[in-house]
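The structure's right below; bear with me while I get my questions together.
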Amino acid sequence: MRKEQRVKKNSEFQEIFKKGTSVANRQFVLYVLKKEETQPFRIGLSVSKKIGNAVVRNKVKRYIRQAFLELKEEVKEGHDYLIIARKPAAEMNFHEVKKSLTHVLKKGKAFKRSSSSGNVKRKQ
């Protein structure tokens, strides 16, 4: 993810916490805040030390970033997304992380229309 697509400042994180809406599953908490001035969506990641050591935390963050990269065509633009990883995320592989993120993004109505990865019918 490019720099302009990341939420980095503490004040931005706090604004999303206070004004955004949240949804969760067992592995992730998602906060969504509509921001008109940001054309592409931005993501912020929070992976606590409770998750594991630095290697584990960085692995979880890489998996989340890669999942967003693969889902970027389906995610609504003009929003800030804050993802907080919970403990079970530490034991997950990439495909499980992507599936769980897709689930929480659907719950948070973060996808354009109702299309999701793999559920699009194709002409034969």
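Every number in this text was worked out from the coordinates using simple rules, so none of it is lab data. Not measured: the values here are computed from a predicted model. Neighbour counts are summed over all protein chains in view; Cβ atoms, including those assigned to glycine, are modelled from backbone coordinates with ideal geometry.
Which entries of 9/35; 35/87; 19/109; 8/109 have Cα-Cα distances beyond 27 Å here? Before the final figure, lay out each step's value.
Values: 9/35 15 Å; 35/87 29 Å; 19/109 16 Å; 8/109 23 Å.
Among 9/35; 35/87; 19/109; 8/109, the Cα-Cα distance tops 27 Å for 35/87.
Given a Förster distance of 30 Å, report the FRET efficiency between residue 49 and residue 75 from their Cβ-Cβ distance, rounded to the nearest 0.05.
Details: r = 28 Å, r/R0 = 0.93.
The value I calculate is 0.60.
Additional query: Taking the alpha-carbon centroid of each part, what is the distance from the stretch 52-80 to the stretch 1-32 in angstrom?
12
Still on this structure: Would you please give the FRET efficiency between residue 96 and residue 8, computed as 1/(1 + (r/R0)^6) with r the Cβ-Cβ distance and R0 = 22 Å, to the nearest 0.05? Mind dumping the intermediate values first?
Details: r = 27 Å, r/R0 = 1.23.
Computed FRET efficiency for residue 96 and residue 8 comes out at 0.25.
Right, another one. Looking at the chain, what % of its DSSP beta bridges pair antiparallel, to the nearest 5?
Working: 12 of 18 bridges.
Counting only bridges with both partners in the chain, antiparallel ones make up about 65 percent.
Quick one: grab the alpha carbon gyration tensor of the chain, order the square roots of its eigenvalues as a ≥ b ≥ c, and give me rounded if a/c is under 1.5, else prolate or oblate depending on whether a/b is larger than b/c. Display every interim value, and only then the final one.
Numbers: a/c = 1.71, a/b = 1.12, b/c = 1.52.
In terms of gyration-tensor shape, oblate.
Against the globular-protein guess of 2.2 N^0.38 Å, express the Cα radius of gyration of the stretch 1-41 as a ratio, rounded to two decimals. Walk me through the numbers before you get to the answer.
On the way: Rg = 11.2 Å, N = 41, 2.2 N^0.38 = 9.0 Å.
Taking N as the residue count of the stretch 1-41, the ratio is 1.24.
Excluding residue 78 itself, calculate the net charge of residues whose Cβ lies under 14 Å from the Cβ of residue 78, where each Lys or Arg counts +1 and each Asp or Glu counts -1. Intermediate values should be presented prior to the final figure.
Working: positive: 34, 35, 42, 72, 76, 109, 112; negative: 4, 36, 37, 77, 80.
Once positives and negatives cancel, what remains is +2.
Over the stretch 1-67, what is the relative contact order in percent, taking alpha-carbon pairs closer than 8 angstrom and at least six residues apart?
Working: 43 pairs, mean separation 20.3, N = 67.
Across the stretch 1-67, relative contact order equals 30 percent.
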